[in-house]
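The values are calculated or read from the model by the stated rules, or taken from the named source; none is laboratory data. It should be emphasised that the depicted structure is a prediction, and the values quoted were computed from it without experimental measurement. Note that we place each Cβ from the backbone using ideal geometry, even for glycine, and neighbour counts take in every protein chain shown. For accessibility, only protein heavy atoms count, side chains too; no ligands or nucleic acids. Shrake-Rupley method; radii C 1.70, N 1.55, O 1.52, S 1.80 Å.
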Amino acid sequence: RPDLHSFPPRRSSDLVGAGGARRVLQGVARRLFERVPDPQALVAHLGVEQYLVGVPDADLLRVHRLARRLQEVLNEPLLVSEQALRLNAAVGVSCFPDDADSADDLLRAVASAAHSAQQAGYGQIALYDPDNNRRSVARVGFQQAVERALAGDEFVLHYQPIIDLDQRRLVGAEALIRWEDPQRGLLPPGEFIPLAEATGWISALGEWVVRRACRDLKEWEARGLHVRLSLNLSAEELRNPDDPLKLRRALAVTHVDPAVIELEVTETAVMQDVQRSAAALRSLAELGVRFAID
């Protein structure tokens, strides 16, 4: 559902007239056709600025990755009637037969997910979730995979070195999580972190990263390598009031000096809720850690 970026949201015809609105719809459709890589995929216009993309034989990870790519291309400026329009696509994701056993039920599930994405705000991707008591089968499948990965030690950390160019020496390392999935191979964070945020598993992954990274840091120090450790903090973790406690616990267990820990947060994560972010950053700062704005 690509809504025009205006407050309150308006339809295309309100801004560019009926002819311009038609060109907006055609432009969006063209972008979808060009960016869906699977020749077997279905791209359809459902009406009133709603589109459907169907991808056969795709699991939740693949579909979510495609949703993000389509969202990025739809959000690029669109020139219509000499006006540069900015669109914001809200995306709903549902899987067949996990979430529905008929075409009609699948369409209803997708519509429900898209509505949830719109309610959450601009630029959101929502997974179908029927209600609080009955979880989506696709969501449950991903959650079970994460549980298995945590129990089976399938997650690994790669470290990107941080170099002081003036002194020409290693001064730090940024911890980057990867998933060594037995079926899909090595997955970068972009493949599963957004899904972990959507399903509520980002907190567990974040705590695992902190513990493993701190353990590695102590091993480096034992070998005479003293560097600062940079850890990424997601928007969901930043909003979690328990995050400072989890970090304090991890530092205490591993006996790591908080002064060598640098938490990296994106400006978009901070700006989603400035007051809550400020409170969270203050609580984390009290531990003695540093911050970097990405």
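Looking only at residues in the stretch 157-193 that are of a type in the set (Lys, Arg) and over 24 Å from PRO258 (Cβ atoms), the one that is least open to solvent (accessible area, probe 1.4 Å) is ARG178. When MET271 is tested against (1) under 17 Å from GLY206 (Cβ atoms); (2) open to solvent by 60 Å² or more (accessible area, probe 1.4 Å), just one condition goes unmet, and that condition is (1). Output the residues belonging to the stretch 274-290 that are surrounded by 14 or more Cβ atoms within 10 Å (Cβ to Cβ) and not in a helix (DSSP H, G or I). Across the stretch 274-290, the qualifying residues are LEU287, VAL289, ARG290. Would you mind finding the one in ARG135, ARG108 that is at pLDDT 65 or above and among the basic types (Lys, Arg)? Matching residue, one of ARG135, ARG108: ARG108.
Filter the stretch 226-273 down to the residues that are of a type in the set (Asp, Glu), modelled with pLDDT under 85 and part of a loop (DSSP other than H, G, I, E, B) and list them by number. Selection gives ASP242, ASP273. Checked against the criterion of being farther than 26 Å from ILE193 by Cα, out of contact with any Cys (no Cβ under 9 Å at 6 or more places or on another chain), open to solvent by 20 Å² or more (accessible area, probe 1.4 Å) and not hydrophobic (A, V, I, L, M, F, W, C), the candidates SER94, SER112, SER81 yield just one match: SER81.
Please work out if TYR122 is farther than 30 Å from LEU229 by Cα, modelled with pLDDT under 75 and aromatic (Phe, Trp, Tyr). Against the criterion (farther than 30 Å from LEU229 by Cα, modelled with pLDDT under 75 and aromatic (Phe, Trp, Tyr)), TYR122 qualifies. The residues of the stretch 173-188 that are without any contact (Cβ under 8 Å) to a residue 40 or more places away in the chain and within 24 Å of ASP129 (Cβ to Cβ), listed by number, are TRP179, ASP181.
One line per residue, one yes/no per condition, for (1) within 16 Å of LEU170 (Cα to Cα); (2) open to solvent by less than 20 Å² (accessible area, probe 1.4 Å); (3) free of Cβ contacts under 8 Å to residues at least 24 places away in the same chain:
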site	(1), (2), (3)
LEU195	no, yes, no
ALA204	no, no, no
LYS218	no, no, no
SER230	yes, yes, no
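Of the residues making up the stretch 176-201, those that are among the small types (Gly, Ala, Ser) and in a helix (DSSP H, G or I) number 3. ALA145 meets all of the listed conditions (1) open to solvent by less than 70 Å² (accessible area, probe 1.4 Å); (2) under 27 Å from VAL289 (Cα atoms); (3) not charged (D, E, K, R) but one, namely (2). Scanning the stretch 50-101 for residues that are modelled with pLDDT of 80 or more, hydroxyl-bearing (Ser, Thr, Tyr) and assigned to a loop (DSSP other than H, G, I, E, B) gives a single hit, SER94. In this structure, does ALA213 turn out to be hydrophobic (A, V, I, L, M, F, W, C), within 14 Å of ARG290 (Cβ to Cβ), assigned to a helix (DSSP H, G or I) and at pLDDT 85 or above? No; evaluated as a whole, the condition is false for this residue.
For ASP153, the criteria (1) outside any helix (DSSP H, G or I); (2) open to solvent by less than 20 Å² (accessible area, probe 1.4 Å); (3) more than 28 Å from ALA67 (Cα to Cα) hold in every case but one, which is (2).
Residue count for the stretch 115-127 under the criterion of being assigned to a loop (DSSP other than H, G, I, E, B) and closer than 19 Å to LEU195 by Cβ: the result is 3.
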